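Heads up, the thing below is written out as structure tokens.
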Number of protein chains: 2
Amino acid sequence: MYSGLIQRVAVIAGVHGNEWTGIHLVKKFQQSPELIERSTFETLTLLANLKAIEANLRYIDKDLNRCFSKQDLSNLELVASYEDRRAKEIAALLRPSNQPNVDVIIDLHSTTANMGMTIFPTSTEPFNLGMCDYLSACYPEVRVCFGERYGQESPLLRSLAPYGCVIEVGSVPQGVLNARQLQQTEMLVHAILNYVDAHNQGNLRLTSSNLTVYHVLCSVDYPRDAAGELQAVIHPQLQFQDYKPLNPGDPMFLTSTGEMISFQGKTTVFPVFINEAAYYEKHIAMILTEKQQLELKAV
Amino acid sequence: MYSGLIQRVAVIAGVHGNEWTGIHLVKKFQQSPELIERSTFETLTLLANLKAIEANLRYIDKDLNRCFSKQDLSNLELVASYEDRRAKEIAALLRPSNQPNVDVIIDLHSTTANMGMTIFPTSTEPFNLGMCDYLSACYPEVRVCFGERYGQESPLLRSLAPYGCVIEVGSVPQGVLNARQLQQTEMLVHAILNYVDAHNQGNLRLTSSNLTVYHVLCSVDYPRDAAGELQAVIHPQLQFQDYKPLNPGDPMFLTSTGEMISFQGKTTVFPVFINEAAYYEKHIAMILTEKQQLELKAV
């Protein structure tokens, strides 16, 4: 278990400017900062992609959440796009020269996929696994998903601090506020702040436990023609079925002429981000994960 | 009953460039035009806001579907915005000088509101009411909704022809293809083409019937502060409840601090377009309608 004290936590939203859930919440926290104050650490708030929020777009020039690799941040010639410039500003805010770095980033996102409440921890550090375990204990419907890349190679904003997570809630359209996802996100932010506070106070009682986690395997694109035009859409039987088992032979896509395209894999997988609006341009129809039980041992 | 023959029908999509359902379908029809051919009339297809479709935005400069009033179309100095120019091009395409005008417009839209399959007929002309009756008989789940303005005062694209309708399907996020709404829209397009064909062939057997219709009363904005920032969101009990009765005192909004704001009207209404993404900027949280029975008499 990580034993140092957490000094600074950042609650961040608007990395994607049309994901309103987190943006609305961060504005609420900025108006009522006492909501996210805890006695043992400082909590900052940050709206990340200011121009994209103003324009109600995911981004202006490029996806901000792919601009945070160590290599890109240290490349002082990489300033042509608004997002590359803003990434450097954000990195300087979270790792200031005259104050301690931010230790924990809580990065708020939403998705058009039916992913309920999902946590993407920043890494598999024991502190982060303890956080996932704590959230799962508080809210059994929370799912924990591990991405592919961690650390300084990662281009994601969350990689600017060693601890914390991305919160994804859905399904909610871009540019829409849904009371349910607002409540879920706020609940999770408070639970994470409580976890950090309990950690700092030495009040965490960790018991050995099993944590269900989903590990990203790969992404799957839509069937396309030579010109890149979609030839099929998500099969109705798969739509909204995030985290449900997808077995070899199960329906995956439906072509314009009504033919079913089945999953050709050899083992059962668990798709997430099914039909996420922002991922069409990334050539991602869904992301496949494998489901695992992680044994957490009390130290 | 309108007795003239229909010569030309236009199936139009992409009036809003991020409403993918209709756009995908019109591209399909353009690749396989035999799908929408009928023996008694010509069927055209049109993608309306080309630049917005390319950019995956609702519009570039302004909402194209507010640019079709007779006054604006005839104002040759109104050409500053892309949409004002494109509206004039579209009007010229649908009312060409060297060919018959388009008689019927089928204008395909989608919404983030849970409106299922909704038809907004172009007017209350008997031909259009007969079409609504025909669609309701084919698909009892179809709802018929009447707007506020008709004829040459209307700024809507559908007002360019005397007959036809807007098809709204939802809930589906902007920039997302959902197989279910694709199937529903395609089904309705075919049914309308069949209705026109049967009309032209004199094969329509109209019997007296009662048609349930929803008449638009007014719109309701979100509660906002002096700066225009949202102070409340759609109440969870109202979210996705389009076409369900909203009674005086029923929950309508939920404030950031958790207070319920109730409906202050004096009679029961039937809200539609609840939490439509594109309507936040129009200051519309929902549109209230009244439910009526319309008696259609066979002539």
B:S39 is checked against (1) in contact (Cβ under 8 Å) with a residue 60 or more places away in the chain; (2) under 26 Å from B:N65 (Cα atoms) and fails just one. What number does that condition carry?
(2)
So, in the range B:126-181, how many residues would count as being closer than 16 Å to B:N210 by Cα and either assigned to a loop (DSSP other than H, G, I, E, B) or within 14 Å of another protein chain (Cβ to nearest Cβ) (or both)?
4
Qualifying positions in the range B:78-116 - basic (K, R) and under 21 Å from B:C165 (Cα atoms):
B:R86, B:K88, B:R95
Restricting the range B:258-298 to residues that are within 11 Å of chain A (Cβ to nearest Cβ) and not hydrophobic (A, V, I, L, M, F, W, C), the one nearest to B:T111 (Cα to Cα) turns out to be B:E276
Please determine, by comparing only the residues of the range A:69-112 that are closer than 30 Å to A:R180 by Cβ and part of a loop (DSSP other than H, G, I, E, B), which one is farthest from the other protein chains (Cβ to nearest Cβ).
A:V102
Within the range B:254-299, how many residues turn out to be closer than 30 Å to B:N56 by Cα and surrounded by 14 or more Cβ atoms within 10 Å (Cβ to Cβ)?
15
Which residue out of B:I12, B:I6, B:I23, B:I53 is buried (at least 20 other Cβ atoms within 10 Å of the Cβ), over 26 Å from B:S171 (Cβ atoms) and not polar (S, T, N, Q)?
B:I6
So, B:T268, is that one modelled with pLDDT under 95 and at negative phi or not?
no
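Test B:L217 against the stated conditions and say whether it is surrounded by 14 or more Cβ atoms within 10 Å (Cβ to Cβ), at pLDDT below 95 and not acidic (D, E).
no
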Criterion violated by A:L204 - all others in (1) within 14 Å of chain B (Cβ to nearest Cβ); (2) in a loop (DSSP other than H, G, I, E, B) satisfied
(1)
Considering only residues that are assigned to a loop (DSSP other than H, G, I, E, B), within 14 Å of another protein chain (Cβ to nearest Cβ) and hydroxyl-bearing (S, T, Y), which ones fall in the range B:1-48?
B:S32
Quick one: A:Y214 ticks every box in (1) part of a strand (DSSP E or B); (2) free of Cβ contacts under 8 Å to residues at least 24 places away in the same chain except a single one, so which number is it?
(2)
Quick test for you: out of B:P236, B:P245, B:P251, pick the one residue that is of a type outside the set (V, I, T) and more than 14 Å from chain A (Cβ to nearest Cβ).
B:P245
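Going by the conditions given, is B:A137 among the hydrophobic types (A, V, I, L, M, F, W, C) and surrounded by fewer than 21 Cβ atoms within 10 Å (Cβ to Cβ)?
Spelling it out, B:A137 is indeed among the hydrophobic types (A, V, I, L, M, F, W, C) and surrounded by fewer than 21 Cβ atoms within 10 Å (Cβ to Cβ).
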Look at B:Q184 and say whether it is under 30 Å from A:T255 (Cβ atoms) and either surrounded by fewer than 20 Cβ atoms within 10 Å (Cβ to Cβ) or within 14 Å of another protein chain (Cβ to nearest Cβ) (or both).
yes
Name the strands (runs of 3 or more DSSP E) wholly inside the range B:221-299 in which the number of residues that are over 27 Å from A:K28 (Cβ atoms) and among the aromatic types (F, W, Y) is 1 or more.
B:270-272
If we ask which residues in the range B:227-238 are surrounded by fewer than 19 Cβ atoms within 10 Å (Cβ to Cβ) and at pLDDT 95 or above, their number turns out to be 3
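The values are calculated or read from the model by the stated rules, or taken from the named source; none is laboratory data. Given the structure is predicted, the values throughout are model-derived calculations rather than measurements. Using ideal geometry, Cβ is built from the backbone for each residue, glycine included, and neighbour counts are taken over all protein chains shown.
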